[in-house]
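Written below as structure tokens is the structure these notes are about.
The values are calculated or read from the model by the stated rules, or taken from the named source; none is laboratory data. Given the structure is predicted, the values throughout are model-derived calculations rather than measurements. No Cβ is skipped: glycine too gets one built from the backbone with ideal geometry, and neighbour counts run over all protein chains shown. The protein model used for the area step is the full one, side chains on, heavy atoms only, and it has no ligands, DNA or RNA in it. Shrake-Rupley method; radii C 1.70, N 1.55, O 1.52, S 1.80 Å.
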Amino acid sequence: MQPRRPEGFDGLGYRGSAWARGEEAPPPYQHSFPTRSFSSSGDLSQHWVTTPPDIPGSRNLHWGEKTPQYGGDGNPAPPGLGEESSGGEQLSRFAGFGIGLASLFTENVLAHPCIVLRRQCQVNYHARNYHLSPFSIVNIMYSFTKTQGPRALWKGMGSTFIVQGITLGAEGILSELTPLPRELTHKWSPRQIGGHILLKGLVYVIATPFYSASLIETVQSEIIRDNPGILDCLKEGIGRVMGLGVPHSKRLLPLLVLTFPTVLHGVLHYMISSLVQKFVLFFIKKKRNPAQIPCEGASATQNILEDYFPELIANFAASLCADIVLFPLETVMHRLHIQGTRTIIDNTDLGFEVLPINTQYEGMRDCINTIKREEGLLGFYKGFGAVVVQYTLHATVLQITKIIYSSLLQNPAQ
């Protein structure tokens, strides 16, 4: 059986154009295939070149040869496929990958000490210092590092990655097994939005026991705990569902009680961040002048950066707004998750010593009333200074990355 080539197939849009018309192959291909002739359509139907095309901007297939250029047969080169455009595409990919990697590293690794201090302050109902200022958070970070070592600030980081993996995996599996949409199209309907939000809620239901295990690893003091394993979070989460594992106190709340605040926080966080992200992107696109077309030099460099930074800025603003608005709810949720787990945390007032968690909340409403009565309204914002430090650090890394890539992309243009 002879291989059938789709009608009008021309590789990347330029490679087989002359052959399909029955013309003689360009000089580079005459050199590469001296024993074959593609001077007629009949020969083309009998011989199908199966060697993969060399993508513009990548390494060539044959040593010493160059990617075939336009203009040799009188055809003008379309914009974006020449040597300069290929270099621009490579720089664009490089800039996008580097900027995204820097943002991902900041969110998940560099900001983890802020997450640790933030959660420890939230669950510490003994604390007299609420750490609303970023300066007090930096001071307590230094104290923990001095007494316990740098490892105390990055505890539980592996479990946070496991929870993220479980969330993404559960979302993918549920979207495949159910008609619930994983993403919304431009022509959305109220039914699609409802199904999408329902999918997010089901994902948070599945992740609830593993989130509890991850929270314990994050706030547990390094002074009294053993070295945790990589999969301890997964094992503890499954044991929490099955009712197995380490015995807990009688004050431990059942998963059904913890599910509602966890799902409520997760869904509201997703909705707020999505709305803020859409608004920021719309504002940035409206503010940009569409008449500005990238040319050469600094303008092209600026365009490459503007292709990636608006989305990063929108994600940054969306996450910041959602964390600020939902900080009181997060405090209540964390206290409910940690109750009855026999967790011992660090003393966030002194920077040394440890404190046990012995709360007796009956549920979400009782937790809210107790915090308001015993700690005041500011008790819901314990550890808020860590949020300020976290997002200040994130914004600084993004700005430094932008400056670095601006200088790197301008050098080739000059």
(request) Of the listed pairs LYS187/LYS278; LYS250/LYS382; LYS200/LYS278; LYS287/LYS402; LYS146/LYS402, which have alpha-carbon separations greater than 22 Å here? (result) LYS250/LYS382; LYS146/LYS402
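Can you tell me the length gained on complete extension of the stretch THR185 to VAL257, counting 0.36 nm per residue apart and subtracting the Cα distance? The partial results should precede the final answer.
Values: separation 72, 0.36 × 72 = 25.92 nm, distance 3.42 nm.
Difference between extended and current length: 22.5 nm.
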(request) For the range 189-251 and the range 149-165, compute the distance between their C-alpha centroids and round to whole Å. (result) 14
(request) Give the calculated FRET efficiency between PHE352 and PHE282 to the nearest 0.05, with a Förster radius of 56 Å applied to their Cβ-Cβ distance. (result) 0.70
(message) Which one, VAL163, ILE137, HIS112, projects farthest toward the positive side of the charge dipole computed for the range 92-192 from Cβ point charges (K/R +1, D/E -1)?
(response) ILE137
(message) Full-extension gain between SER143 and PHE161, please, as 0.36 nm times their residue separation minus the C-alpha to C-alpha distance.
(response) 3.8 nm
(message) Suppose R0 equals 25 Å. What FRET efficiency, 1/(1 + (r/R0)^6) with r the Cβ-Cβ distance, do ARG342 and ARG151 give to the nearest 0.05?
(response) 0.70
(message) Between SER407 and VAL267, what is 0.36 nm times their sequence separation minus the Cα-Cα distance? Round to one decimal in nm.
(response) 46.4 nm
(message) Could you sort ARG151, ARG335, ARG225 by their accessible area in this structure, using a 1.4 Å probe and putting the largest first?
(response) ARG151, ARG225, ARG335
(request) Mind giving me the nanometre distance, one decimal, between the label points for ARG128 and LEU168, set 7 Å out from Cα along Cα→Cβ? (result) 4.6
(request) Pick out, in residue order, every one of the GluC sites (Glu not before Pro) in the range 327-414 that is DSSP loop and has at most 14 other C-beta atoms within 10 Å; say none if there are none. (result) GLU353, GLU362
(message) Quick check: at a probe of 1.4 Å, how many percent of the accessible area of the range 139-215 sits on carbon and sulfur atoms?
(response) 66
(request) Between SER274 and LYS372, with labels modelled 7 Å along Cα→Cβ, what's the label distance in nm to one decimal, could you check? (result) 3.0
